[in-house]
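Here is the structure we will look at, set down as C-alpha cells.
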Ligand code: DON
C-alpha cells in the first residue's frame with residue numbers, strides 16, 4: 001500500500017505525457033530535469049554510462065551550449081551547487097570584469113550611463129567562466145574521463161540537431177551584431193555548428209587550456225579587436241573558477257542550502273524564507289490580497305538589502321551571517337502591517353545587528369544520491385549578440401549586472417551601490433539561485449530557475465507552494481507566479497506583476513493598499529527534482545527521484 005502511495009504521489013507530481021515511463025525507469029536510478037530535450041538526453045546518457053551527477057551536469061552544460069544558445073553557453077558563466085555524501089559545496093564560474101574595465105566604463109563624459117553599451121556591445125562581455133567551472137567541478141568530483149563528457153555536445157554540434165519551432169522563431173528574431181550570421185534555419189531543419197564543434201574538440205583535448213589559451217583564446221581576442229571589446233589574453237589566462245561554501249538556513253525545519261555571493265540568490269532566498277516563516281501563509285490563503293501584500297513587503301526589504309550589501313565577496317565584505325540570521329529577519333519584518341504598504345521611498349536597507357538575488361537551470365540526481373543544481377547564463381537572451389567568429393559561440397553581456405553607475409538601475413531595474421561597482425577582475429552581482437532543500441536531514445528538493453531578479457522570488461514561491469500550500473512538486477512549479485521588487489520597475493508607483501490577472505476582489509484590495517497591478521509574460525523556467533522516499537518497518541524501501549519541468553518552457557526529464 002505504502003509503495004502504491006509513493007507511486008501515486010510520484011505520478012501526481014510529474015509533468016508531461018511521458019510521465020509514467022519516467023517514474024518507472026527512474027526508480028532508484030538517476031534523473032535529469034533540464035530546459036532542452038537533446039541536452040537532457042546528453043546528461044542521462046552519461047548517467048547510463050556510469051557517470052555521477054557531476055559528470056552528467058558537465059555533459060549537460062556543454063550540450064546546452066549547442067542546443068540552447070540563448071542561455072546555454074561557453075562564453076558565459078554560472079553557479080553549480082553539489083551535494084554528495086560528504087555535504088554540499090559549490091562552484092562559482094561567474095564572469096569577471098576584464099583588467100581594462102573601470103568604474104566608469106559605461107558612462108559618457110558627463111557621467112551619464114550610455115544606453116545599450118553594457119548590453120549590446122563587445123564591452124558588455126565579462127571574461128567567460130563556464131569552461132573553467134566545468135574543469136574545476138570535474139577535477140573535484142568527475143568519475144568519467146573529461147573527453148567522454150564532451151562527446152554528446154561535439155556530436156550535437158558536428159552532426160546537428162533538429163530545430164524545434166521555438167528555437168527557429170527565437171533565432172529569426174535575433175538581429176543584433178553578428179548573431180543573424182550564425183542563428184539560421186527553419187523549424188524541422190538540422191542545425192549544424194562546425195566552428196563550435198571544433199572549439200568543443202579543443203576543450204575536450206586540452207581541458208581549460210582548450211578555451212583560455214591557444215586557438216580559442218586567440219579567436220576571442222581577435223573578435224575583441226574587431227568588435228571593440230576589451231578582453232585580453234591575460235584576462236583569459238588569469239580567469240579562475242572558485243569553489244565556495246554555500247549559504248545555509250532553514251524554513252519550517254527544512255534545511256535550505258543555496259548559492260553564496262557573488263550571487264545574491266541564496267542570501268535573498270533565505271531572507272525571504274526567514275521573514276515569511278513568522279507567518280502562516282495557508283491561513284491567509286494562496287494568492288489572497290493579504291498573502292500577496294505580505295510577500296511584496298518582504299520582497300521590498302530583501303531587494304533594498306541586496307542593493308546595499310551585496311557584491312563580489314573577494315573584494316567587498318558581504319555580511320552573509322548577519323543578513324541570513326533569524327534575528328535580522330525578525331527585526332526587518334517587524335514594521336510590516338497588514339493594513340499599510342511601505343512606500344518605495346521609505347524602504348531603506350536594514351540596520352544590521354552586530355556580528356556574533358535568458359539564463360537557464362537544470363537539476364541532476366544520480367543513483368548514489370549525489371545531486372547537482374546548476375544555473376548558467378549569458379545574461380540577456382543570446383548575450384551581447386556577438387559570436388566569436390571562427391569559434392562559433394556567443395559572448396555574454398554580463399557586465400550589465402554591475403552597477404554601471406552606483407544608484408542607477410540595470411536592465412532588470414535593480415540597483416546596486418558601491419559593493420557592486422565595476423573593478424578589474426571583479427565578479428558582478430548575480431541573482432542566480434541553485435538550491436537544495438532537505439527534509440529530516442535528507443536531500444528532498446533540487447531546484448532553480450532563470451529570470452534575472454525574479455530568480456530568487458521564483459525559487460521562493462516554489463518552496464512555499466510545496467512546503468506551506470501542500471502542492472505536489474509539479475503543481476508547485478506550475479502555479480501562477482507574481483513578482484515585486486524594489487525600486488519599483490516602470491513608471492507606476494509600486495507595481496506587483498502577475499503572470500495571470502488576479503481575481504477582481506484581490507486586485508481591488510491591492511489597489512486600495514496603493515499597489516499598481518500589472519500583468520506580464522512568464523516568470524521563470526524551473527527544472528526541479530524531488531526525492532520521494534518510501535519508508536517501511538526496516539527503513540527506506542525505495543527512493544524515487546521525480547522530475548518537474550516547468551510547463552512554461554520546453555524542458556524535459558530524462559532518466560538513467
Ligand atoms: O546573474 C544574474 O542574475 C542575471 N545575469 C541572470 C539573467 C537572467 O536570468 C535572464 N533570464 N531570464
task = Please specify each residue of region 245-268 satisfying the condition of being more than 16 Å from the ligand (Cβ to nearest atom), outside any strand (DSSP E or B), touching a strand residue (DSSP E or B) at 6+ places or on another chain (Cβ under 9 Å) and under 25 Å from residue 469 (Cβ atoms).
result = 253
request  = Report yes if residue 299 is buried (at least 20 other Cβ atoms within 10 Å of the Cβ) and modelled with pLDDT of 95 or more, otherwise no.
outcome  = yes
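Hey, can you tell me all the residues within region 420-436 that are within 14 Å of the chain's Cα centre (by Cα) and within 15 Å of the ligand (Cβ to nearest atom)? Working first, answer last.
Applying the first criterion (within 14 Å of the chain's Cα centre (by Cα)) to region 420-436 yields 429-436.
Answer for region 420-436, where residues must be within 14 Å of the chain's Cα centre (by Cα) and within 15 Å of the ligand (Cβ to nearest atom): 429, 430, 431, 432, 433, 434, 435.
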ask   = Are any residues in region 363-396 outside any strand (DSSP E or B) and under 13 Å from the mean Cα position of the chain (by Cα), and if so, which ones?
value = 378, 379, 380
request  = Scan region 518-560 residue by residue and report those that are at pLDDT below 95 and at positive phi.
outcome  = 539
request  = Six or more apart or on different chains, Cβ under 9 Å: which pairs go from a residue in region 325-351 that's farther than 24 Å from residue 266 by Cα to one that's modelled with pLDDT under 90 and exposed (fewer than 14 other Cβ atoms within 10 Å of the Cβ)? Could you list them?
outcome  = 343/493
task = Quick one: residue 411 ticks every box in (1) near the ligand (Cβ under 10 Å from one of its atoms); (2) surrounded by fewer than 24 Cβ atoms within 10 Å (Cβ to Cβ); (3) in a strand (DSSP E or B) except a single one, so which number is it?
result = (3)
request  = State the number of residues belonging to region 124-136 that are in a helix (DSSP H, G or I) and closer than 20 Å to residue 66 by Cα.
outcome  = 6
key: Candidates 175, 169, 155, 148, filtered to the one that is surrounded by fewer than 16 Cβ atoms within 10 Å (Cβ to Cβ) and in a helix (DSSP H, G or I)   = 169
key: Residue satisfying all of: in region 447-459; more than 10 Å from the ligand (Cβ to nearest atom) and under 10 Å from the mean Cα position of the chain (by Cα); farthest from residue 428 (Cα to Cα) among these   = 447
ask   = Restricted to region 269-288, and to residues that are part of a helix (DSSP H, G or I) and surrounded by fewer than 22 Cβ atoms within 10 Å (Cβ to Cβ), which residue is farthest from the ligand (Cβ to nearest atom)?
value = 283
query = Which is surrounded by fewer than 24 Cβ atoms within 10 Å (Cβ to Cβ), modelled with pLDDT of 95 or more and out of contact with any helix residue (DSSP H, G or I) (no Cβ under 7 Å at 6 or more places or on another chain), of 491, 426, 471, 442?
reply = 426
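Somewhere in region 460-480, is a residue within 14 Å of the ligand (Cβ to nearest atom) and under 27 Å from residue 341 (Cα atoms)?
Scanning region 460-480 turns up no residue that is within 14 Å of the ligand (Cβ to nearest atom) and under 27 Å from residue 341 (Cα atoms).
Yes/no matrix, rows are residues, columns are (1) within 24 Å of the chain's Cα centre (by Cα); (2) in a strand (DSSP E or B):
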position: 471; (1), (2): yes, no
position: 475; (1), (2): yes, no
position: 488; (1), (2): yes, no
position: 512; (1), (2): no, no
position: 522; (1), (2): yes, no
position: 534; (1), (2): no, yes
position: 547; (1), (2): yes, yes
position: 557; (1), (2): yes, yes
message = Kindly evaluate residue 212 against the criterion of being modelled with pLDDT of 95 or more, buried (at least 21 other Cβ atoms within 10 Å of the Cβ), in contact with a strand residue (DSSP E or B) (Cβ under 6 Å, 6 or more places away or on another chain) and closer than 30 Å to residue 89 by Cα.
response = no
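Residues to consider are 437, 506; find the one that is farther than 25 Å from residue 57 by Cα and outside any loop (DSSP other than H, G, I, E, B). Working first, answer last.
On the way: 437 fails: farther than 25 Å from residue 57 by Cα.
Only one candidate passes the filter, namely 506.
Being within 26 Å of residue 93 (Cβ to Cβ) and modelled with pLDDT under 95: is that true of residue 453 here?
Values: within 26 Å of residue 93 (Cβ to Cβ): yes; modelled with pLDDT under 95: yes.
Yes; evaluated as a whole, the condition is true for this residue.
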request  = Find the residue count for region 382-406, including only residues that are within 16 Å of the ligand (Cβ to nearest atom) and modelled with pLDDT of 95 or more.
outcome  = 10
request  = Would you check if residue 291 is crowded, with 19+ Cβ neighbours inside 10 Å and on the phi > 0 side of the Ramachandran plot?
outcome  = no
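Residue-wise test of (1) buried (at least 24 other Cβ atoms within 10 Å of the Cβ); (2) at negative phi; (3) outside any loop (DSSP other than H, G, I, E, B).
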{"site": "50", "(1), (2), (3)": "no, no, no"}
{"site": "57", "(1), (2), (3)": "yes, yes, yes"}
{"site": "82", "(1), (2), (3)": "yes, yes, yes"}
{"site": "91", "(1), (2), (3)": "yes, yes, yes"}
{"site": "94", "(1), (2), (3)": "yes, yes, no"}
{"site": "101", "(1), (2), (3)": "no, yes, no"}
{"site": "119", "(1), (2), (3)": "no, yes, yes"}
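The values are calculated or read from the model by the stated rules, or taken from the named source; none is laboratory data. These numbers come from a predicted model, not from an experiment. Heads up, the Cβs are rebuilt from the backbone with ideal geometry, glycines too, and the neighbour counts pull from every protein chain shown.
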